[in-house]
Amino acid sequence: MKQQQNRVISWNEIYTLCDKLSKQIPKGKYKSICGIPNGGSIIATILRNKLNIPVISHADLNKDSLIIDDINDSSDTLLPYTAWDKAVLFEKEHSKIKCEFVGERVNNEWLEMIWEVDKKDNIQSNIKRILQFVGADINNPHLVDTPKRVEKMYEEFFKAYKTEPPKITT
């Protein structure tokens, strides 16, 4: 397996792609936009100013709404929104659902939005939240380092995905 490339998406690139999207979206066709949390909400806020269209909550979706997301990868986050037109900054070539408006089509590279750059902190924060959810005291001296240990375990467990398999010759 080929090691996946990581690409950090800067604010400058985000604003450039939002400009590109705003030129694709027909003026007057949509009365509102709705961002899919978390990344889509950020993009919807930027597009709101460029399109002069209000951002609404999921509870207020209507036939004149446009769904906004940052990345269409597996399309799982877009599945509940098949009845609406969609705009995304990035769409991967293997996406199951194709969006009407796309800032950039990409292959299989791993994209990190600028607000997600510190992934290790995010993994540890998520482990802490899981421990809290199950009622564990995260200040217990025996659990303080658990998020780091779990992160290390995941890195070890999934390290094979980052290496090239051996060549088999006959």
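Listed conditions (1) part of a helix (DSSP H, G or I); (2) under 25 Å from the mean Cα position of the chain (by Cα) are all met by E112, apart from (1). Among the residues of the range 124-147, just one is free of Cβ contacts under 8 Å to residues at least 12 places away in the same chain, part of a helix (DSSP H, G or I) and among the aliphatic types (A, V, I, L, M), namely I130.
Given the condition closer than 15 Å to I43 by Cβ and surrounded by 12 or more Cβ atoms within 10 Å (Cβ to Cβ), answer yes or no: does some residue in the range 118-129 qualify?
Here is the first cut: in the range 118-129, the residues closer than 15 Å to I43 by Cβ are none.
Looking for residues that are closer than 15 Å to I43 by Cβ and surrounded by 12 or more Cβ atoms within 10 Å (Cβ to Cβ), one finds none in the range 118-129, hence no.
Residues satisfying the criterion are present in the range 71-90 (criterion: closer than 18 Å to L17 by Cα, touching a strand residue (DSSP E or B) at 6+ places or on another chain (Cβ under 9 Å) and among the small types (G, A, S)).
Give me the residue from the range 102-116 that is aliphatic (A, V, I, L, M) and either surrounded by 14 or more Cβ atoms within 10 Å (Cβ to Cβ) or at positive phi (or both) and, out of that set, modelled with the highest pLDDT.
As a first pass, look at the range 102-116 and keep what is aliphatic (A, V, I, L, M): 102, 106, 111, 113-114.
Still in the running and either surrounded by 14 or more Cβ atoms within 10 Å (Cβ to Cβ) or at positive phi (or both): 102, 106, 111, 113.
On the way: V102: 97, V106: 94, L111: 89, M113: 88.
Applying the filter and picking the extreme gives V102.
Taken across the range 128-147, residues that are within 23 Å of the chain's Cα centre (by Cα) and closer than 30 Å to G28 by Cβ do not occur at all.
The values are calculated or read from the model by the stated rules, or taken from the named source; none is laboratory data. Just so we're clear, the structure is a prediction, and the values are computed from it rather than from any experiment. Methodologically, a virtual Cβ is constructed for each residue, glycine included, from the backbone with ideal geometry; neighbour enumeration extends over all protein chains shown.
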